[in-house]
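To start, the structure itself, in structure tokens.
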Amino acid sequence: MSDAEIKFNIQASNPQAHLFTVSCEVLNPDPLGQIFALPAWIPGSYMIRDFAKHIISFSAKAVSTGNESEIAVSKIDKQSWRCEPCQGKLKVEYQVYAWDLSVRGAHLDTRHAFFNGSCVFMEVLGQEDKNCELLILAPSGNQYLHWRVATSMPRKDAKLFQFGRYICSNYSELIDHPVEIGDFDMENFTVGGVPHHFVVTGKHHSDLKRIVKDIQILCEHHVDLFTELPEMERYVFFLTCVGSGYGGLEHRASCSLICSRNDLPREQEKNISDEYRTFLSLCSHEYFHTWNVKRLKPRVFIAEKLDQEIYTKLLWFFEGITSYYDDLSLSRTGLISEQNYLDLLAQQITRYLRTPGRHLQTVCESSFDAWTKFYKQDENAANSIISYYNKGALVSCLLDLNIRIKSNHTLSLDDVMRGLWQRFGKNLLGVDENELEQSIAEIVDLDLVDFFKMALYSKQDLEFTNLLLEFGVNYKTRVANNFLDRGGSVAKKDNQTAAYFGATLKPGLESAILGSVLSDSPFQKAGLSAFDQLVAINDIKVNAKNFESVISRYQAEEILKIHVFRGDELIDFEVILEESRQQTCYLELSAEHHGWLRL
């Protein structure tokens, strides 16, 4: 790679104030005036976040024969700055406020530094394809002398895990390698001949060696599925441990994860808790994205415009397929049992059945509306939308089963993923909006037109019973046992007689405040609304702790007198309860089950 025409420096200049100082030197600035712009969103998270709001200051200088002179700068929109024309090189410097402890942002304090490039590195408009060099500088002060640097970004002269110079072939690559700086814990392993690093920030008391052993199994499984690992120098799992949190974001050679420290297993702990299982599924999900999304992606995402929304109807596939394989891979690798996986699948189905919005929005519409509806959900979301993660995963499952049956069990969704990888992903061609379904059908040589018409463009309920039965899995539904019953093989209590009322509470509060009220439910028919604070049911005081025990005493057709505060006004309602709805799914293996849940 030739010497970079774009050179960035970044330093955690004031950790106490959460400020990074960033500079950018442009060898050949636009003679009409160079424009710099910070992205409005980060790839993989489809919401306008306006990262430029965190820019504290911006200045520019012309650099010629060793001299520097300030030049005028004007802000031309919410995220763009224009520097006046100058002779020689152009150098800009700006400060970024970093206090977003999430997988999407930038965070800096006296304990560590983390940033995604989308939050800190400005795009040099018109020069996005130029080579970039990044100098990561250590913060000043003896307390930071032991800090190290973790990133998947290729190194120029920086030693491994140290401050120094890194290089990228263009701006897109520069912002696709997050960086963790601090006194982190780390374990290493190798997959496909490529070093993998598991980097942990935040206090924890977990068995990292066990975690890495399990993650390595999943990584090897995904590499085997696609037959190869994309070209990269190394892969990094970034994990931030917090008191409460969950999430992940994929990158081309790394992923950022956040979880509760209590989700991770301690030393000597042998079982897989529900929380640790969920964490492993998250790791599986983000690593699968190394192929599906980062390289195999909608064609409109090949040259992403980060100043505005980019619309696609294909997120059902790119997120839904990934959400199908993340849990399935846990079963295939033996990390969880087949029945345990079926419980996870039953929970996906339960979530789907409990979402009235499935009758108002197709999964392709959900994909297209990600920017305004899925990522900006309000209290009415369950009534008006369906998740392309949730329904997309279920459609993927049914597609897999259909292919297996129609091909007489000689082909599966695995063959589709390998075929699409070779056609569109390996060479970064991208999939056109209207060629995905045809390409899938061609790869397996099957007629899937009716299936796609029903699953993708219809609002009718997906049908699971017959397909699952072909694989020795019995599909059943029951009423929920309690608020915490998400589905799966949980036996129904003999004395469970709770009626249906159709609402949820806002979590984490002492008061019983309604989070959502479902369409056509007894609560909605009576006039109750989201954010109402329940005060009493039939003259019995209720709060978040006792709400379920109080309301579960009543049966269908009984009338409840409910007092609520709406704002500061006390209102009373009469609610007629209904029969509990059979919206909780559980799946059972028969003796004849075969060929789907195993490797």
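The values are calculated or read from the model by the stated rules, or taken from the named source; none is laboratory data. It should be emphasised that the depicted structure is a prediction, and the values quoted were computed from it without experimental measurement. Note that each Cβ is placed from the backbone with ideal geometry, even for glycine, and that neighbours are counted across all protein chains shown.
Inspect region 416-426 for any residue being out of contact with any strand residue (DSSP E or B) (no Cβ under 9 Å at 6 or more places or on another chain), in contact (Cβ under 8 Å) with a residue 40 or more places away in the chain and of a type in the set (Phe, Trp, Tyr) and give the result as yes or no.
no
Test Lys294 against the criterion of being of a type in the set (Lys, Arg), within 30 Å of Ala591 (Cα to Cα) and assigned to a loop (DSSP other than H, G, I, E, B), and give yes or no.
No; evaluated as a whole, the condition is false for this residue.
Looking at (1) surrounded by fewer than 17 Cβ atoms within 10 Å (Cβ to Cβ); (2) touching a helix residue (DSSP H, G or I) at 6+ places or on another chain (Cβ under 8 Å); (3) not in a loop (DSSP other than H, G, I, E, B), find the lone condition where Asp447 falls short.
(3)
Given the residues Arg423, Arg354, which is the only one that is of a type in the set (Lys, Arg), surrounded by fewer than 24 Cβ atoms within 10 Å (Cβ to Cβ) and either farther than 25 Å from Gly44 by Cβ or within 21 Å of the chain's Cα centre (by Cα) (or both)?
Arg354
Any residue at all in region 8-31 that's surrounded by fewer than 19 Cβ atoms within 10 Å (Cβ to Cβ) and acidic (Asp, Glu)?
So far as region 8-31 goes, yes, one or more of its residues are surrounded by fewer than 19 Cβ atoms within 10 Å (Cβ to Cβ) and acidic (Asp, Glu).
For Ala498, indicate whether it is farther than 30 Å from Ser244 by Cα, in contact (Cβ under 8 Å) with a residue 60 or more places away in the chain and outside the structural domain of Asp414 (by TED's automatic domain parsing).
Yes.
Confirm whether Leu505 is out of contact with any Ser or Thr (no Cβ under 7 Å at 6 or more places or on another chain), surrounded by 14 or more Cβ atoms within 10 Å (Cβ to Cβ) and of a type outside the set (Gly, Ala, Ser). Spell out the reasoning first.
Values: out of contact with any Ser or Thr (no Cβ under 7 Å at 6 or more places or on another chain): yes; surrounded by 14 or more Cβ atoms within 10 Å (Cβ to Cβ): yes; of a type outside the set (Gly, Ala, Ser): yes.
Yes: the conditions hold for Leu505.
Within region 32-62, take every residue that is without any contact (Cβ under 8 Å) to a residue 60 or more places away in the chain and among the hydroxyl-bearing types (Ser, Thr, Tyr) and give me the one that is surrounded by the fewest Cβ atoms within 10 Å (Cβ to Cβ).
The selected residue is Ser57.
Select, from Ala158, Ala138, the only residue that is touching a Lys or Arg at 6+ places or on another chain (Cβ under 7 Å) and in the same structural domain as Val22 (by TED's automatic domain parsing). Break it down into steps so the answer makes sense when it comes.
Numbers: Ala138 fails: touching a Lys or Arg at 6+ places or on another chain (Cβ under 7 Å).
Sole residue among the options that is touching a Lys or Arg at 6+ places or on another chain (Cβ under 7 Å) and in the same structural domain as Val22 (by TED's automatic domain parsing): Ala158.
Determine whether region 311-330 contains at least one residue that is over 16 Å from the mean Cα position of the chain (by Cα) and surrounded by fewer than 20 Cβ atoms within 10 Å (Cβ to Cβ).
There is at least one residue in region 311-330 that is over 16 Å from the mean Cα position of the chain (by Cα) and surrounded by fewer than 20 Cβ atoms within 10 Å (Cβ to Cβ).
Against the definition (at pLDDT 95 or above and in a loop (DSSP other than H, G, I, E, B)), how does Leu90 come out, yes or no? I'd like the intermediate steps shown before the answer.
Values: at pLDDT 95 or above: yes; in a loop (DSSP other than H, G, I, E, B): no.
Spelling it out, it is not the case that Leu90 is at pLDDT 95 or above and in a loop (DSSP other than H, G, I, E, B).
Can you confirm whether Glu304 is surrounded by fewer than 19 Cβ atoms within 10 Å (Cβ to Cβ), in a helix (DSSP H, G or I) and touching a helix residue (DSSP H, G or I) at 6+ places or on another chain (Cβ under 8 Å)?
Here the answer is no, as Glu304 does not meet what is asked.
Out of region 288-313, which residues are of a type in the set (A, V, I, L, M, F, W, C), within 26 Å of Glu128 (Cα to Cα) and touching a strand residue (DSSP E or B) at 6+ places or on another chain (Cβ under 9 Å)?
Passing the criteria: Val293, Leu296, Leu306, Ile310.
Looking at region 67-86, can you tell me whether even one residue there is surrounded by 13 or more Cβ atoms within 10 Å (Cβ to Cβ), of a type in the set (S, T, N, Q), closer than 19 Å to Leu32 by Cβ and not assigned by TED's automatic domain parsing to the domain that holds Tyr375?
yes
Please verify whether Ala370 is more than 28 Å from Val236 (Cβ to Cβ) and touching a residue at least 40 places away in the same chain (Cβ under 8 Å), treating the condition exactly as stated.
No; evaluated as a whole, the condition is false for this residue.
With without any contact (Cβ under 8 Å) to a residue 24 or more places away in the chain and not assigned by TED's automatic domain parsing to the domain that holds Ala382 as the only criterion, which of Glu569, Glu558 stands out?
Only one candidate passes the filter, namely Glu569.
Counting only residues that are charged (D, E, K, R), give me the helices (runs of 4 or more DSSP H) lying completely in region 322-422 with at least 2 of them.
The helices (runs of 4 or more DSSP H) meeting that bar are 338-353, 390-406, 413-420.
I need a count of the residues in region 431-481 that are modelled with pLDDT under 95 and at positive phi.
Here the count works out to 1.
Do the conditions hold for Asp176, that is, is it of a type in the set (Asp, Glu) and surrounded by 15 or more Cβ atoms within 10 Å (Cβ to Cβ)?
Numbers: of a type in the set (Asp, Glu): yes; surrounded by 15 or more Cβ atoms within 10 Å (Cβ to Cβ): yes.
In short, yes.
Please go through region 395-414 and pick out each residue that is buried (at least 17 other Cβ atoms within 10 Å of the Cβ) and either touching a Gly at 6+ places or on another chain (Cβ under 8 Å) or of a type in the set (Asp, Glu) (or both).
Across region 395-414, the qualifying residues are Val395, Ser396, Asp400, Arg404.
So in region 102-113, with the set limited to residues that are in contact with a Phe, Trp or Tyr (Cβ under 9 Å, 6 or more places away or on another chain) and surrounded by fewer than 18 Cβ atoms within 10 Å (Cβ to Cβ), which one is nearest to Leu38 (Cα to Cα)?
Taking the candidates together, the pick is Asp109.
Considering only region 114-172, state which residues are part of a loop (DSSP other than H, G, I, E, B), aliphatic (A, V, I, L, M) and surrounded by fewer than 22 Cβ atoms within 10 Å (Cβ to Cβ).
Leu125, Ala138, Leu145, Ala158, Leu160
In region 326-385, how many are small (Gly, Ala, Ser) and in contact with a Leu (Cβ under 7 Å, 6 or more places away or on another chain)?
Adding up the residues that qualify gives 7.
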